[in-house]
Amino acid sequence: MVAKSILLVKTSSLGDVIHALPAISDIKSVSAGGRVDWVVEEPLLTIPRLHAGVSGVIPVAIRRWRRALWRGSVRDEIAAGVRRLREQSYDAVIDAQGLFKSALIALAARGTRYGLDFRSSREPLALLYHHTFRVSWELHAVERNRLLLARALCYEVPRRLSYGISAAPRRFDWLAAGPYAVLLHATSGDYKLWPERNWVELGNKLNDGGMCCVLPWGNARERERASRIADGVRSMVVAPALGLEDFPGLFAGAQAVAGVDTGLTHLAAALGVPTVGIYCATDPAATGIYGCARAVNVGGIGQSPAVNDVVKMLEQLIS
(Lines give C-alpha, C1' and ligand atoms only; values in the text may rest on other atoms or scores of the structure.)
Protein backbone atom coordinates (compact mmCIF):
# COMPACT_ATOMS: atom_id res chain seq x y z
CA MET A 1 0.00 0.00 0.00
CA VAL A 2 1.45 3.38 -1.05
CA ALA A 3 1.86 5.96 1.72
CA LYS A 4 -0.37 9.03 1.59
CA SER A 5 2.47 11.49 2.23
CA ILE A 6 6.01 10.95 0.99
CA LEU A 7 9.19 12.98 1.27
CA LEU A 8 11.82 12.12 -1.35
CA VAL A 9 15.39 13.16 -0.63
CA LYS A 10 17.35 13.41 -3.88
CA THR A 11 19.40 16.57 -3.73
CA SER A 12 21.86 16.44 -6.64
CA SER A 13 23.37 16.27 -9.21
CA LEU A 14 21.30 17.30 -12.23
CA GLY A 15 21.51 13.89 -13.89
CA ASP A 16 20.74 12.08 -10.63
CA VAL A 17 17.67 14.23 -10.04
CA ILE A 18 16.39 13.55 -13.56
CA HIS A 19 16.96 9.82 -13.02
CA ALA A 20 14.56 9.96 -10.06
CA LEU A 21 11.65 11.41 -12.05
CA PRO A 22 10.28 8.06 -13.32
CA ALA A 23 9.91 6.88 -9.72
CA ILE A 24 7.50 9.78 -9.12
CA SER A 25 5.51 8.71 -12.19
CA ASP A 26 5.40 5.17 -10.79
CA ILE A 27 3.99 6.38 -7.47
CA LYS A 28 1.31 8.41 -9.21
CA SER A 29 0.35 5.49 -11.44
CA VAL A 30 -0.43 3.28 -8.44
CA SER A 31 -1.79 5.97 -6.08
CA ALA A 32 -2.82 9.21 -7.76
CA GLY A 33 -4.03 10.83 -4.53
CA GLY A 34 -0.81 10.74 -2.51
CA ARG A 35 1.32 13.77 -1.75
CA VAL A 36 5.00 13.74 -2.77
CA ASP A 37 7.39 16.45 -1.61
CA TRP A 38 10.99 16.57 -2.83
CA VAL A 39 14.16 17.89 -1.15
CA VAL A 40 16.66 19.17 -3.73
CA GLU A 41 19.62 21.54 -3.97
CA GLU A 42 18.42 25.08 -4.69
CA PRO A 43 19.99 25.41 -8.19
CA LEU A 44 18.01 22.34 -9.32
CA LEU A 45 14.52 23.42 -8.20
CA THR A 46 13.41 23.64 -11.83
CA ILE A 47 13.52 19.87 -12.36
CA PRO A 48 11.10 18.55 -9.68
CA ARG A 49 8.75 21.42 -10.48
CA LEU A 50 8.40 20.12 -14.05
CA HIS A 51 6.65 16.99 -12.77
CA ALA A 52 2.94 17.39 -12.00
CA GLY A 53 3.18 14.58 -9.45
CA VAL A 54 5.42 16.62 -7.14
CA SER A 55 3.32 18.60 -4.68
CA GLY A 56 6.04 20.61 -2.98
CA VAL A 57 9.74 21.26 -3.46
CA ILE A 58 11.94 21.95 -0.44
CA PRO A 59 15.25 23.62 -1.31
CA VAL A 60 18.50 23.04 0.53
CA ALA A 61 21.92 24.54 -0.12
CA ILE A 62 24.35 21.99 1.31
CA ARG A 63 27.11 22.89 -1.13
CA ARG A 64 26.86 26.59 -0.34
CA TRP A 65 26.26 26.17 3.40
CA ARG A 66 29.29 23.99 4.09
CA ARG A 67 31.61 26.64 2.64
CA ALA A 68 30.46 29.22 5.19
CA LEU A 69 29.20 27.44 8.30
CA TRP A 70 30.79 30.09 10.52
CA ARG A 71 28.41 32.78 9.25
CA GLY A 72 25.36 33.51 11.36
CA SER A 73 23.22 34.03 8.25
CA VAL A 74 24.10 30.54 7.00
CA ARG A 75 23.29 28.96 10.36
CA ASP A 76 19.96 30.81 10.31
CA GLU A 77 19.23 29.41 6.84
CA ILE A 78 20.01 25.89 8.02
CA ALA A 79 17.72 26.29 11.03
CA ALA A 80 14.94 27.59 8.78
CA GLY A 81 15.46 24.63 6.44
CA VAL A 82 15.16 22.17 9.31
CA ARG A 83 11.97 23.88 10.50
CA ARG A 84 10.47 23.55 7.02
CA LEU A 85 11.42 19.88 6.86
CA ARG A 86 9.59 19.35 10.14
CA GLU A 87 6.44 21.30 9.28
CA GLN A 88 4.73 18.10 8.20
CA SER A 89 4.91 14.53 9.39
CA TYR A 90 5.34 12.10 6.50
CA ASP A 91 4.27 8.49 6.22
CA ALA A 92 7.56 7.77 4.43
CA VAL A 93 10.84 9.68 4.19
CA ILE A 94 12.92 8.06 1.44
CA ASP A 95 16.60 8.83 0.95
CA ALA A 96 17.30 7.94 -2.67
CA GLN A 97 20.69 9.69 -2.65
CA GLY A 98 22.51 7.31 -0.35
CA LEU A 99 25.04 9.82 0.98
CA PHE A 100 25.75 11.09 4.49
CA LYS A 101 24.38 14.55 3.66
CA SER A 102 21.10 13.15 2.35
CA ALA A 103 20.78 10.75 5.29
CA LEU A 104 21.09 13.72 7.66
CA ILE A 105 18.32 15.52 5.78
CA ALA A 106 16.10 12.45 6.12
CA LEU A 107 16.99 12.28 9.81
CA ALA A 108 15.88 15.88 10.29
CA ALA A 109 12.45 15.20 8.75
CA ARG A 110 9.48 13.73 10.61
CA GLY A 111 8.46 10.28 9.47
CA THR A 112 9.57 6.68 8.99
CA ARG A 113 12.91 6.68 7.18
CA TYR A 114 13.79 4.36 4.29
CA GLY A 115 17.08 3.97 2.48
CA LEU A 116 19.62 1.69 0.85
CA ASP A 117 21.30 -1.06 2.84
CA PHE A 118 25.03 -1.33 3.56
CA ARG A 119 25.89 -3.02 0.26
CA SER A 120 23.73 -0.78 -1.90
CA SER A 121 24.95 2.70 -0.93
CA ARG A 122 28.28 4.45 -1.29
CA GLU A 123 28.45 5.22 2.43
CA PRO A 124 27.54 3.09 5.50
CA LEU A 125 24.26 4.72 6.47
CA ALA A 126 21.92 1.85 7.38
CA LEU A 127 21.79 2.77 11.08
CA LEU A 128 20.23 6.14 10.19
CA TYR A 129 17.11 4.55 8.65
CA HIS A 130 14.22 2.58 10.09
CA HIS A 131 14.13 0.27 7.05
CA THR A 132 16.74 -0.52 4.39
CA PHE A 133 16.66 -2.36 1.08
CA ARG A 134 19.21 -4.00 -1.16
CA VAL A 135 19.24 -2.63 -4.70
CA SER A 136 21.73 -4.06 -7.19
CA TRP A 137 24.50 -1.82 -8.50
CA GLU A 138 24.15 -3.62 -11.83
CA LEU A 139 20.86 -1.84 -12.51
CA HIS A 140 20.73 1.48 -14.34
CA ALA A 141 20.37 4.46 -11.98
CA VAL A 142 16.77 5.00 -13.12
CA GLU A 143 15.84 1.44 -12.18
CA ARG A 144 17.67 1.67 -8.86
CA ASN A 145 15.50 4.64 -7.91
CA ARG A 146 12.32 2.96 -9.11
CA LEU A 147 13.06 -0.25 -7.24
CA LEU A 148 14.00 1.50 -3.98
CA LEU A 149 10.76 3.49 -3.89
CA ALA A 150 8.68 0.49 -4.90
CA ARG A 151 10.13 -1.61 -2.10
CA ALA A 152 9.79 1.16 0.46
CA LEU A 153 6.16 1.81 -0.48
CA CYS A 154 5.13 -1.80 -1.16
CA TYR A 155 4.14 -1.79 -4.83
CA GLU A 156 5.40 -3.51 -7.97
CA VAL A 157 7.49 -1.45 -10.38
CA PRO A 158 5.15 -0.65 -13.32
CA ARG A 159 6.14 -1.94 -16.72
CA ARG A 160 5.71 1.47 -18.34
CA LEU A 161 8.47 4.00 -17.71
CA SER A 162 7.64 7.71 -17.89
CA TYR A 163 9.68 10.74 -16.86
CA GLY A 164 6.43 12.66 -16.55
CA ILE A 165 7.75 16.04 -17.66
CA SER A 166 7.09 18.32 -20.62
CA ALA A 167 7.82 21.87 -21.70
CA ALA A 168 6.54 24.37 -24.26
CA PRO A 169 8.93 25.76 -26.89
CA ARG A 170 10.24 29.18 -26.01
CA ARG A 171 11.47 31.89 -28.31
CA PHE A 172 14.67 33.71 -27.42
CA ASP A 173 15.53 37.13 -28.80
CA TRP A 174 19.13 36.06 -29.38
CA LEU A 175 18.07 33.11 -31.58
CA ALA A 176 16.71 33.71 -35.08
CA ALA A 177 13.55 31.93 -36.16
CA GLY A 178 14.05 28.61 -37.92
CA PRO A 179 15.04 25.03 -37.14
CA TYR A 180 17.94 24.54 -34.77
CA ALA A 181 19.88 21.87 -32.91
CA VAL A 182 21.43 22.25 -29.47
CA LEU A 183 24.97 20.93 -29.04
CA LEU A 184 25.93 20.26 -25.42
CA HIS A 185 29.71 20.22 -25.66
CA ALA A 186 30.51 20.91 -21.98
CA THR A 187 30.66 18.51 -19.06
CA SER A 188 32.06 18.30 -15.54
CA GLY A 189 35.23 16.39 -16.42
CA ASP A 190 37.64 16.86 -19.32
CA TYR A 191 37.90 13.10 -19.71
CA LYS A 192 34.27 13.07 -20.90
CA LEU A 193 34.74 15.72 -23.60
CA TRP A 194 34.32 15.05 -27.32
CA PRO A 195 37.05 16.65 -29.49
CA GLU A 196 36.35 20.17 -30.70
CA ARG A 197 37.03 19.19 -34.30
CA ASN A 198 34.18 16.68 -34.05
CA TRP A 199 31.74 19.37 -32.92
CA VAL A 200 32.82 21.54 -35.85
CA GLU A 201 32.23 18.71 -38.30
CA LEU A 202 28.89 17.83 -36.68
CA GLY A 203 27.78 21.46 -36.76
CA ASN A 204 28.51 21.82 -40.46
CA LYS A 205 26.71 18.56 -41.29
CA LEU A 206 23.65 19.79 -39.37
CA ASN A 207 23.90 23.08 -41.27
CA ASP A 208 23.79 21.05 -44.50
CA GLY A 209 20.46 19.66 -43.27
CA GLY A 210 19.06 23.17 -42.76
CA MET A 211 19.61 23.49 -39.02
CA CYS A 212 21.36 26.29 -37.19
CA CYS A 213 23.33 25.09 -34.14
CA VAL A 214 23.19 26.51 -30.62
CA LEU A 215 26.11 26.16 -28.20
CA PRO A 216 25.30 26.77 -24.50
CA TRP A 217 28.03 27.16 -21.90
CA GLY A 218 28.30 27.39 -18.13
CA ASN A 219 31.59 29.12 -17.31
CA ALA A 220 34.30 31.22 -18.94
CA ARG A 221 36.33 28.22 -20.05
CA GLU A 222 33.29 26.61 -21.67
CA ARG A 223 32.40 29.88 -23.37
CA GLU A 224 35.89 30.08 -24.89
CA ARG A 225 35.53 26.52 -26.12
CA ALA A 226 32.14 27.29 -27.62
CA SER A 227 33.60 30.31 -29.43
CA ARG A 228 36.39 28.20 -30.92
CA ILE A 229 33.88 25.64 -32.17
CA ALA A 230 31.59 28.33 -33.58
CA ASP A 231 34.47 29.84 -35.55
CA GLY A 232 34.53 26.71 -37.71
CA VAL A 233 30.79 26.35 -38.32
CA ARG A 234 28.84 28.32 -40.92
CA SER A 235 25.63 28.80 -38.91
CA MET A 236 26.14 28.54 -35.18
CA VAL A 237 25.07 30.68 -32.23
CA VAL A 238 26.97 30.84 -28.96
CA ALA A 239 24.15 31.32 -26.49
CA PRO A 240 24.27 34.01 -23.80
CA ALA A 241 24.46 32.91 -20.17
CA LEU A 242 21.45 30.68 -19.46
CA GLY A 243 19.90 29.47 -16.22
CA LEU A 244 18.62 25.94 -15.77
CA GLU A 245 15.07 27.30 -16.04
CA ASP A 246 15.81 28.36 -19.65
CA PHE A 247 16.75 24.92 -20.95
CA PRO A 248 13.36 23.15 -21.00
CA GLY A 249 11.98 25.76 -23.38
CA LEU A 250 15.16 25.79 -25.46
CA PHE A 251 15.14 22.00 -25.81
CA ALA A 252 11.40 21.86 -26.53
CA GLY A 253 11.86 24.10 -29.56
CA ALA A 254 14.87 22.20 -30.93
CA GLN A 255 14.82 19.74 -33.81
CA ALA A 256 17.50 17.71 -32.08
CA VAL A 257 20.04 17.69 -29.25
CA ALA A 258 23.48 16.07 -29.15
CA GLY A 259 25.39 16.12 -25.89
CA VAL A 260 28.18 14.54 -23.93
CA ASP A 261 27.75 12.87 -20.53
CA THR A 262 26.07 15.74 -18.69
CA GLY A 263 22.77 16.28 -16.91
CA LEU A 264 21.42 18.59 -19.60
CA THR A 265 21.61 15.77 -22.15
CA HIS A 266 19.43 13.65 -19.86
CA LEU A 267 16.98 16.56 -19.50
CA ALA A 268 16.58 16.89 -23.26
CA ALA A 269 15.97 13.15 -23.62
CA ALA A 270 13.48 13.11 -20.73
CA LEU A 271 11.53 15.90 -22.42
CA GLY A 272 11.10 13.71 -25.50
CA VAL A 273 13.42 15.68 -27.79
CA PRO A 274 15.42 13.62 -30.35
CA THR A 275 18.68 13.28 -28.44
CA VAL A 276 22.00 11.52 -28.96
CA GLY A 277 24.17 11.02 -25.88
CA ILE A 278 27.87 10.99 -26.76
CA TYR A 279 29.99 8.84 -24.44
CA CYS A 280 33.78 8.81 -24.57
CA ALA A 281 34.93 7.69 -21.11
CA THR A 282 31.92 6.49 -19.12
CA ASP A 283 29.55 3.55 -19.43
CA PRO A 284 26.08 4.52 -20.69
CA ALA A 285 24.71 1.20 -19.44
CA ALA A 286 25.05 2.51 -15.88
CA THR A 287 24.06 6.17 -16.11
CA GLY A 288 23.40 6.92 -19.78
CA ILE A 289 20.17 8.07 -21.40
CA TYR A 290 17.57 5.50 -20.42
CA GLY A 291 13.98 4.67 -21.26
CA CYS A 292 13.48 7.53 -23.73
CA ALA A 293 11.82 6.58 -27.02
CA ARG A 294 13.48 9.37 -29.02
CA ALA A 295 17.00 9.14 -27.60
CA VAL A 296 20.02 6.88 -27.96
CA ASN A 297 23.56 6.56 -26.57
CA VAL A 298 26.65 6.16 -28.75
CA GLY A 299 30.19 5.37 -27.65
CA GLY A 300 31.41 4.18 -24.27
CA ILE A 301 34.53 3.76 -22.17
CA GLY A 302 37.46 4.36 -24.51
CA GLN A 303 35.11 4.36 -27.50
CA SER A 304 34.72 7.94 -28.68
CA PRO A 305 32.04 7.80 -31.41
CA ALA A 306 32.64 9.01 -34.95
CA VAL A 307 30.83 12.09 -36.22
CA ASN A 308 29.04 10.08 -38.89
CA ASP A 309 27.65 7.74 -36.23
CA VAL A 310 26.17 10.69 -34.35
CA VAL A 311 24.72 12.17 -37.54
CA LYS A 312 23.20 8.83 -38.53
CA MET A 313 21.52 8.45 -35.15
CA LEU A 314 20.17 12.01 -35.20
CA GLU A 315 18.72 11.50 -38.67
CA GLN A 316 16.99 8.31 -37.56
CA LEU A 317 15.55 9.94 -34.45
CA ILE A 318 14.30 13.00 -36.30
CA SER A 319 12.68 10.97 -39.07
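The values are calculated or read from the model by the stated rules, or taken from the named source; none is laboratory data. On a predicted model such as this, the values are computed, not experimentally measured, just so you know. Here the Cβ is made from the backbone with ideal geometry for all residues, glycine too, and neighbour counts use every protein chain on show.
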task: Test residue 263 against the stated conditions and say whether it is in contact with a Leu (Cβ under 9 Å, 6 or more places away or on another chain), surrounded by fewer than 24 Cβ atoms within 10 Å (Cβ to Cβ) and in contact (Cβ under 8 Å) with a residue 24 or more places away in the chain.
output: yes
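For the stretch 1-99, list the helices (runs of 4 or more DSSP H) that sit wholly inside it and hold at least 3 residues that are closer than 21 Å to residue 144 by Cβ and modelled with pLDDT of 95 or more; which are they? Walk me through how you get there before you give the answer.
Values: elements: 14-19, 21-30, 46-49, 62-65, 72-85.
Qualifying helices (runs of 4 or more DSSP H): 14-19, 21-30.
Residue by residue, here is whether (1) assigned to a loop (DSSP other than H, G, I, E, B); (2) touching a Gly at 6+ places or on another chain (Cβ under 6 Å) holds:
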{"residue": "107", "(1), (2)": "no, no"}
{"residue": "113", "(1), (2)": "no, no"}
{"residue": "121", "(1), (2)": "yes, yes"}
{"residue": "135", "(1), (2)": "yes, no"}
{"residue": "138", "(1), (2)": "yes, no"}
- request: Return the residue satisfying two criteria in turn: it lies in the stretch 193-221 and is surrounded by fewer than 16 Cβ atoms within 10 Å (Cβ to Cβ) and of a type in the set (D, E, K, R), and of such residues it is nearest to residue 175 (Cα to Cα).
  value: 208
query: Any idea which of 40, 17 is in contact (Cβ under 8 Å) with a residue 12 or more places away in the chain and under 17 Å from residue 271 (Cβ atoms)?
result: 17
query: How many residues are under 16 Å from residue 311 (Cβ atoms) and β-branched (Val, Ile, Thr) if we restrict to the stretch 173-201?
result: 2
Subset of the stretch 150-186 (residues that are within 21 Å of the chain's Cα centre (by Cα) and closer than 29 Å to residue 221 by Cβ): 167, 170, 181, 182, 183, 184, 185, 186
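Looking at the structure I just gave you, is residue 165 crowded, with 16+ Cβ neighbours inside 10 Å and part of a loop (DSSP other than H, G, I, E, B)?
Values: crowded, with 16+ Cβ neighbours inside 10 Å: yes; part of a loop (DSSP other than H, G, I, E, B): yes.
Criteria met by residue 165.
Residue by residue, here is whether (1) crowded, with 16+ Cβ neighbours inside 10 Å; (2) farther than 17 Å from residue 14 by Cα holds:
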site	(1), (2)
224	no, yes
235	yes, yes
243	no, no
254	yes, yes
276	yes, yes
316	no, yes
statement: Restricted to the stretch 253-292 and to residues being of a type in the set (Gly, Ala, Ser) and out of contact with any strand residue (DSSP E or B) (no Cβ under 9 Å at 6 or more places or on another chain), the residue modelled with the lowest pLDDT is 286
- prompt: Based on what the data block shows, is residue 306 out of contact with any Lys or Arg (no Cβ under 7 Å at 6 or more places or on another chain), modelled with pLDDT of 95 or more and crowded, with 24+ Cβ neighbours inside 10 Å?
  reply: no
field: Index of the failed condition, residue 193 passing every other in (1) over 24 Å from residue 318 (Cβ atoms); (2) hydrophobic (A, V, I, L, M, F, W, C); (3) touching a Lys or Arg at 6+ places or on another chain (Cβ under 6 Å)
entry: (3)
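Determine which member of the set 32, 52, 20 is surrounded by fewer than 17 Cβ atoms within 10 Å (Cβ to Cβ), within 23 Å of residue 166 (Cα to Cα) and under 17 Å from the mean Cα position of the chain (by Cα). Outline the logic, then answer.
Details: 32 fails: under 17 Å from the mean Cα position of the chain (by Cα); 20 fails: surrounded by fewer than 17 Cβ atoms within 10 Å (Cβ to Cβ).
Just one listed residue meets the conditions, 52.
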